[in-house]
Amino acid sequence: MLIRRKPDIPSSEITDEKVYWNRRAFIRAAAGAGALALGAPVVNRLVAAAAGGRRDGGGQQGALEDKLNTYEEITTYNNFYEFGTGKGDPAKYAHTLRPRPWTVEVTGEVHRPRVYDIDELLKLFPLEERVYRLRCVEAWSMVIPWEGFPLASLLERVEPTSHARFVEFTTLYDPEQMPGQRRAVLPWPYVEGLRLDEAMHPLTILAAGLYGKVLPNQNGAPLRLVVPWKYGFKSIKSIVRIRLVREQPRTTWNLVAPHEYGFYANVNPDVDHPRWSQKRERRIGELFKRPTLFLNGYADQVAHLYAGMDLRKYF
Ligand SMILES: Nc1nc2c(c(=O)[nH]1)N[C@H]1C(S)=C(S)[C@@H](COP(=O)(O)O)O[C@H]1N2
Ligand SMILES: [Mo]
C-alpha cells in the first residue's frame with residue numbers, strides 16, 4: 001500500500017495551526033486568486049504511510065506518528081541558496097522572487113512538449129495533501145504537510161518517448177529576483193535529476209502549497225519537487241524547466257562536491273557523509289536526536305527501485 005488515507009490527526013498536534021483546517025477557505029481563496037487548484041473540489045488528506053508503525057522494520061516509525069512541524073518552523077529554517085547560505089536567509093530575502101507570472105517548460109524526450117503557465121498547470125492537476133518527512137543531508141529533519149500532485153500525472157500528459165530514461169529539473173535563473181545568484185557559491189541555475197522510475201513513483205510530487213496555503217517564496221514558489229525518501233537537496237525549488245533525457249543529468253551538489261553528494265542521494269543511515277555521520281538526525285523542535293531511517297522511512301514503498309544496486313557505490 002503506497003499511500004494511506006488518514007482522516008483524522010489529533011487536533012492536539014496542530015492547535016496553533018487553525019488555518020490549516022480551513023480547507024474550504026483555502027480553496028476559495030486560491031481559486032479567487034487564480035492561483036491554485038481550480039476545479040479541485042476536495043483536497044484529499046493523504047498521508048504517506050512510510051514504514052508506518054510496522055513492528056518488523058527495526059523500530060521504524062512512520063510519518064503517521066510523527067508530529068507535524070509548525071508553519072513557522074517550516075518557513076523560517078531551510079536552504080535556498082539563491083537567497084543566501086544561512087538557514088534564516090530564505091525567509092528574510094525571498095520576497096524579491098516573483099512567482100507570477102511564471103511558466104514551466106516540459107520538454108526533451110516527450111511526444112507533446114509544452115510550456116505551461118503555472119495557473120493553467122495547477123488547474124489541470126488537483127492538489128492533494130501529503131505529509132512527508134524531509135531529511136536534510138545536514139542531519140536535521142522536519143515533517144511537512146505539502147499540497148501537491150504526483151509528478152507522474154504531468155509526465156504522463158506530455159508522453160515520454162521510449163528514449164526517456166531520466167528527468168532533469170532546472171530552477172529559475174534571474175539574479176535580480178534571486179540575489180544569491182550574483183555570487184558564485186553554486187553554479188547557477190540550480191539543477192537536479194531523477195531516474196524516470198523515481199520520477200514516476202507515486203510518492204514523488206510537485207508541490208504548490210503547504211499547510212493549506214499557497215507555497216511561500218522561501219519554500220520554492222510557485223512549484224517545487226518533493227521526493228521524500230531522498231535528502232532534501234534533491235527537492236529542487238522554483239522550477240522553470242522539466243526535461244526528459246536519455247543520459248543521467250548533472251545535479252548541482254554532485255557538480256560541486258562529487259565525493260560528498262551523489263546522484264541518488266537516498267537517505268541512508270549506513271552511508272555517512274565524508275564529514276559527518278548520517279546515523280542520527282535532529283528533528284527541528286526536538287531536544288534529542290533520533291535515529292535516521294533507511295530511505296527516510298519509505299523503504300516499503302521504494303526499496304524495490306534499488307534492488308541489486310550497491311547503495312554505497314550509488315550513494
Ligand atoms: N533551487 C534550490 N532548491 C533547493 C535548494 C537550493 O538551495 N536551491 N536547497 C535544497 C535543500 S539542501 C533542502 S534541505 C531543501 C530545503 O527546503 P524546504 O525545507 O523548503 O524543503 O530545499 C532544496 N531545494
Ligand atoms: Mo539540505
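What number in nm² do you get for the range 229-315 if you take the convex hull of its Cα atoms and divide its surface by four?
Details: hull surface 29.5 nm².
Approximately 7.4 nm², given one-decimal rounding.
If a/c stays under 1.5 just call it rounded; otherwise compare a/b with b/c (prolate if a/b is bigger, oblate if not). Do that for the range 90-175, with a ≥ b ≥ c from the square roots of the Cα gyration tensor eigenvalues.
Prolate, because a/c is 1.5 or more and a/b exceeds b/c.
In the range 62-127, which GluC sites (Glu not before Pro) are in a loop and have at most 14 other Cβ atoms within 10 Å, using DSSP for the loop call?
Details: sites: E65, E72, E73, E82, E105, E109, E120; in loops: E65, E109.
Counting only loop positions with at most 14 other Cβ atoms within 10 Å, the GluC sites (Glu not before Pro) in the range 62-127 are E65.
Using a cut-off of 13 Å between beta-carbons, work out the net charge of the residues near W140 (Lys and Arg +1, Asp and Glu -1, W140 not included).
For residues surrounding W140, the net value is +4.
Going through the range 237-282, which GluC sites (Glu not before Pro) have at most 15 other Cβ atoms within 10 Å and a DSSP loop state?
Loop-located and lightly packed - E247, E260.
For the range 169-211, list residues with backbone N below 17 Å from a point placed 7 Å from the Cα of T103 toward its Cβ?
Answer for the range 169-211: 170-174.
Could you tell me how far the Cα centroid of the range 85-126 sits from the Cα centroid of the range 242-315, in Å?
25
By what distance, in whole Å, do the Cα atoms of the range 150-232 stretch along each of the three principal axes, largest value first?
The Cα atoms of the range 150-232 stretch 39, 33, 24 Å along their principal axes.
Once a ≥ b ≥ c are taken as the square roots of the eigenvalues of the Cα gyration tensor of the range 182-272, is the result rounded (a/c under 1.5), prolate (a/b larger than b/c) or oblate (a/b not larger than b/c)?
It comes out rounded by the Cα gyration axes.
Cut-off under 14 Å on the C-alpha distance; same-chain residues fewer than 8 positions from K92 excluded. Which aspartates and glutamates are left, in chain and number order?
Within the straight-line limit of under 14 Å, K92 reaches these aspartates and glutamates: E72, E73, E82.
Under a Cβ-Cβ cut-off of 9 Å, what is the net charge of the residues other than G232 that fall near it, where Lys and Arg count +1 and Asp and Glu count -1?
The answer is +2.
Could you pull out every one of the lysines with an alpha carbon less than 20 Å from that of K87, ignoring same-chain neighbours closer than 8 positions?
K230, K234, K237, K289
Summing Lys, Arg as +1 and Asp, Glu as -1, what charge do residues with Cβ under 12 Å from the Cβ of R275 carry, R275 excluded? Don't jump to the answer; show the numbers that get you there.
Working: positive: none; negative: E138, E260, D272.
Every neighbour counted, the sum reads -3.
If you filter the range 138-193 for GluC sites (Glu not before Pro), then keep DSSP loop positions with at most 16 other Cβ within 10 Å, what is left?
Listed in order of number, the matching sites are E138, E176.
Using a cut-off of 19 Å between alpha-carbon atoms, which lysines can reach K123, once sequence neighbours fewer than 8 places away in the same chain are excluded?
K213
Heavy-atom accessible area of R195 with all protein chains present, probe 1.4 Å, nearest 10 Å²?
Per-residue accessible area (R195): approximately 40 Å².
The values are calculated or read from the model by the stated rules, or taken from the named source; none is laboratory data. Because the structure is predicted, anything quoted here is derived from the model rather than measured. Cβ coordinates were reconstructed from backbone atoms using ideal geometry, including for glycine residues, and neighbour counts include every protein chain displayed. Accessible surface areas use protein heavy atoms only, side chains included; no ligands, DNA or RNA. Shrake-Rupley method; radii C 1.70, N 1.55, O 1.52, S 1.80 Å.
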